[in-house]
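Here the structure comes first, spelled out in structure tokens, and everything after it is commentary.
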Amino acid sequence: MRDDLTPIISAIVDSYDTVGAINHIDGPNLPSRPSIRRILNDLQALIFPGFQSEEHIARHNARFLVAERVGSLAGRLSEEIFRSLCFHQGICHETEDTEPYRHEAQKITFSFLEEVPEIRRRLRLDVQAALEGDPAARSTEEIILAYPGLEAIMAHRLAHELWIREVPLIPRMMSEEIHGRTGIDIHPGATIGDSFFIDHATGVVVGESTIIGAHVKVYQGVTIGALSVHKRDANKKRHPTIEDNVTIYAGATILGGETTIGHNSIIGGNVWITSSVPPFSRIYSRAGEFQTRREKSRTGDFQI
Ligand SMILES: CC(=O)OC[C@H](N)C(=O)O
């Protein structure tokens, strides 16, 4: 029976020297995953007061609770942004002059938190889109408490604000936290218009340079993705544009940076689209055969 762990420990420590690139020894402190998870939860509680916590929130104590949450959030978020900026700059030690990054992190934190009322305004439209778009939805409360699509959209709208402020790492950490919870993978770089609704939602993928207009409805398993592109083209637009009032049914795959789904189109389940379709299109596959029709949209033709 072996009972000496020393050779195993030595081999693992040695591998830190022999197998580089996946070590983070002597590097700067990275943003912390548990901390980002808590920040996201606290932002959720700030956005939907009374939904996320067991405490009773009344008008008379709302200001006190918000002050407490914002105060604590600001300090923690600023610290995580500071770490991500230091990582990005390759700064390894606190002895280096890190003051400008502390200052920058604080500036970003304030401008991000200033955005919260606007994010709440937009999320109310998303909740409304779910209420109107899903006959099974009974109330606003049900959507906030029980719709994973709304949770993913909330996290996206938050992560996108950090993305456009060029914060490294944290927006992707937020989107992956929510991906793990909901099975919905929205890249923080995606631009998503008002009144977005993802029904059932599991397995939806929305790529980095996707542009989605207003009043778009998407069902489970939809991919809005890139065609296979070379790494050197990573900065080009690789993902589709979905114009206003488009519905995309379950399992559809829409790919390519030059692909535009014209407004008021209906994309049926399980179709594969790599080129643009004009406004008011109906694209669907029936008995294995693809059919395209361009006509005025009537809703309700496709059921999942
Ligand atoms: C969603 C998607 O297209 O993923 C493919 C790859 N990650 C890319 O962004 O190009």
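Read the figures in this text as sums done on the coordinates, not as results from a lab. Owing to the predicted nature of the structure, the values given are computational and were not obtained by experimental measurement. Because the Cβ atoms are built from the backbone with ideal geometry, glycine has one as well, and the counts that use them run over all protein chains shown.
When +1 charges are put on Lys and Arg Cβ atoms and -1 charges on Asp and Glu Cβ atoms, the dipole computed for the chain relative to its Cα centre reaches about 1140 debye.
The charge dipole of region 25-183, taken about the Cα centre with unit charges on the Cβ atoms of Lys, Arg (+1) and Asp, Glu (-1), comes to about 380 debye, rounded to the nearest 20. A Cα-only calculation for region 25-183 places Rg and Dmax at 17.1, 59 Å.
By the compact-protein rule of thumb, 2.2 N^0.38 Å, the alpha-carbon radius of gyration of the chain corresponds to a ratio of 1.17.
Can you give the % of DSSP beta bridges in the chain that are antiparallel, to the nearest 5?
20
Entry note, region 38-154: relative contact order of 22 percent, from Cα contacts under 8 Å with a spacing of 6+ residues. Counting Lys and Arg as +1 and Asp and Glu as -1 over every other residue whose Cβ lies under 13 Å from the Cβ of Ser111, the net charge comes to -4. How much net charge surrounds His230 when only the other residues with a Cβ under 11 Å from the Cβ of His230 are counted, with Lys and Arg +1 and Asp and Glu -1? Local net charge: +3.
Pairwise Cα separations in region 190-285 fall into 10 Å bins from 0 onward with the following percentages, short to long: 19, 56, 22, 3. Between amide H atoms placed 1.01 Å from N, distances below 5 Å from Thr260 occur with Thr241, Ser276, Val277, all of them 5 or more places distant or on a separate chain. Across region 121-180, the mean sequence separation of Cα contacts (distance under 8 Å, 6 or more residues apart), normalised by length, yields a relative contact order of 25 percent.
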